[in-house]
Amino acid sequence: MVERVAQKVKDCKKLVVLTGAGISKESGIPTFRGKDGLWKKFKPEELATPWAFQRDPKLVWEWYQWRRQLMHDKKPNKAHYLIAKLEKMVPEFWLITQNIDGLHRLAGSEKIIELHGNIWWERCVDCSYRRENRKLPLDEIPPRCPECGGLLRPDVVWFGEALPEDALDAALRHSQDCDVMLVIGTSAVVQPAASLPVLAKNSGAFVVEVNPDETPITDICDVSLRMGAVEFAEALQRHL
Ligand code: NAD
Ligand code: ZN
C-alpha cells in the first residue's frame, strides 16, 4: 500500500499535504482529542474560544502558557522532516496545517499555510500590534500591548472564529488543484479543514489518509493507512 502511495508521489505534479495534531503526537505534543489533552478540569473547547477570553483572559492565558511550556522543547519528528523533503522533490507543493506548534517550519518546510495561526505569536485585541514571544514564563498574565495598553491574545484561531481569509482561500485553491493529497494526523472533525480532502477528491486527486483511527473522511480516501505518522514516514522513505 505504501509503495503505491510512493509511486503516486513520485509521479505527481502538485502535491498537497494536510496535517493535524496527530503528526506532532510522536514529538510529545498531546492532541486535543485524548485524555492527555486536558488541563486542570477544562476541555480545550471551553478555553479556546473568544467568549472564554472575554470572561477570563487570565485563565485562558494560563492555559496557553501551559501549552507553550509543553511545546517549547519539542522537536520535529521523522514525519515533519519527510514532508520538508517532499517539498523539494515534487514540481509543485503546498503544506496546509491545522497545527499551531511551529514544528513544520523547524523541520525546514517553507510552503506552509497555517490555517489556525501560531501559538508563539500574540496580537492586540484593540490595535494592529503583533509580536512573536518565546519567553517562558510570561512577564505578565494576561500580557498587555506595548503600543496601546490593550489586551494581547494568542494569534490563533479559536472555536467559533473564522479562519484567516488569505489562508483559507489558498487552502481551498490548492486542494482543488492538486493531483495527490496526503492527510496526516487529523481527526477531520474541525471544519473547514475537514472538507479540504473532500474537495481534493471531488476535483480528481488521489487522496491518502494516515491515521491510527478511522475518521469521517476514511470512506472517501483512495488509501487509508492505519498507522502513526512516523511509521508512515519511515515506510514512504524506503520507497522513494
Ligand atoms: P485532533 O486532536 O482532533 O486529532 C488528532 C488526530 O490524530 C486523531 O484523529 C488521532 O487518531 C490522530 N493520531 C493520533 N496519534 C497519531 C499518530 N501517531 N500519527 C498520526 N495520527 C495520529 O487534531 P486536529 O484534527 O488537528 O484538530 C484539532 C485542533 O487542534 C486544530 O485546530 C489544531 O490547531 C489544534 N491542536 C494543535 C496542536 C498542535 O499544534 N500540535 C495540538 C493540539 C491541538
Ligand atoms: Zn494595541
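The values are calculated or read from the model by the stated rules, or taken from the named source; none is laboratory data. This is a predicted model, so every value here is computed, not measured. Cβ coordinates were reconstructed from backbone atoms using ideal geometry, including for glycine residues, and neighbour counts include every protein chain displayed. Side chains are part of the model used for accessible areas, which takes the heavy atoms of the whole protein and leaves out ligands, DNA and RNA. Shrake-Rupley method; radii C 1.70, N 1.55, O 1.52, S 1.80 Å.
Values computed for the structure shown
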quantity: Selected residue (criterion: farthest from ligand 2 (Cβ to nearest atom)) from residues of segment 100-115 that are closer than 19 Å to ASP166 by Cα and touching a residue at least 60 places away in the same chain (Cβ under 8 Å); calculated: ILE113
quantity: Scope segment 140-187; condition basic (Lys, Arg) and in a strand (DSSP E or B); matching residues; calculated: ARG144, ARG153
quantity: Considering residues of segment 23-81 that are in contact (Cβ under 8 Å) with a residue 24 or more places away in the chain and among the basic types (Lys, Arg) only, the residue farthest from PRO154 (Cα to Cα); calculated: LYS78
quantity: Residues located in segment 44-66, provided they are surrounded by fewer than 17 Cβ atoms within 10 Å (Cβ to Cβ) and among the β-branched types (Val, Ile, Thr); calculated: THR49
quantity: Residue in segment 156-175 that is open to solvent by less than 30 Å² (accessible area, probe 1.4 Å) and within 21 Å of LYS25 (Cα to Cα) present; calculated: yes
quantity: Those helices (runs of 4 or more DSSP H) lying entirely in segment 1-97 with at least 1 residues over 30 Å from CYS124 (Cβ atoms) and modelled with pLDDT of 95 or more; calculated: 2-11, 78-89
quantity: Condition met for GLU122 (within 16 Å of ligand 2 (Cβ to nearest atom) and either open to solvent by 70 Å² or more (accessible area, probe 1.4 Å) or within 30 Å of VAL9 (Cβ to Cβ) (or both)); calculated: no
quantity: Scan of segment 9-43 for residues that are open to solvent by 80 Å² or more (accessible area, probe 1.4 Å) and more than 14 Å from ILE83 (Cβ to Cβ), ordered by number; calculated: LYS10, ASP11, LYS13, LYS25, ARG33, LYS35, ASP36, LEU38, LYS40, LYS41, LYS43
quantity: Enumeration of residues in segment 225-240 that are open to solvent by 20 Å² or more (accessible area, probe 1.4 Å) and under 11 Å from VAL5 (Cβ atoms); calculated: HIS239, LEU240
quantity: Any hit, segment 119-131, residues being in contact with a helix residue (DSSP H, G or I) (Cβ under 8 Å, 6 or more places away or on another chain) and either in contact (Cβ under 8 Å) with a residue 12 or more places away in the chain or not in a helix (DSSP H, G or I) (or both); calculated: yes
quantity: Residue in segment 204-212 that is among the charged types (D, E, K, R) and either open to solvent by 40 Å² or more (accessible area, probe 1.4 Å) or touching a residue at least 60 places away in the same chain (Cβ under 8 Å) (or both) present; calculated: no
